[in-house]
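Novice: Sharing a structure below in structure tokens format, with a few things to ask.
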Amino acid sequence: MSVYSLIMNIQNIYSFMIIGYVLLSWLPNARESFIGVFLGRLVEPYLGIFRRFIPPIGGMLDISPIIAIFALRFIAYGLYAVVDFIVNMF
């Protein structure tokens, strides 16, 4: 498995976890389930960073998960570029 595919797989899995956590908010009491609590522990610290700076639109629409997924993708590409640069140096 190449470094690129490993980084992108981790990024994809975490992005799907964020999407799943957001979808659980649409269902009553879903975030209190085992899966909701588990995803909350993994995803909420990362989303909390964006929620501090991005207020909900109209008081209800939270776009911070969308921005968080875009940022995660940029971080993954940046990490891949750094690893690729280090590998190509030697």
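The values are calculated or read from the model by the stated rules, or taken from the named source; none is laboratory data. Here the structure is a predicted model, which means the values were calculated and not measured. We work out accessible area using only protein heavy atoms, side chains counted, and drop any ligands, DNA or RNA first. Shrake-Rupley method; radii C 1.70, N 1.55, O 1.52, S 1.80 Å.
Novice: Which percent of the accessible area of the chain is formed by carbon and sulfur heavy atoms (probe 1.4 angstrom)?
Specialist: 76 percent
Novice: I'd like to know how the range 3-60 sits against the 2.2 N^0.38 Å rule of thumb: what's its Cα Rg over that expected value?
Specialist: 1.28
Novice: Which shape class applies to the range 31-87: rounded if a/c is under 1.5, otherwise prolate when a/b exceeds b/c and oblate if not, where a ≥ b ≥ c are the square roots of the Cα gyration tensor eigenvalues?
Specialist: It comes out oblate by the Cα gyration axes.
Novice: Accessible area per residue of the chain at 1.4 Å probe, in Å²?
Specialist: 73 Å²
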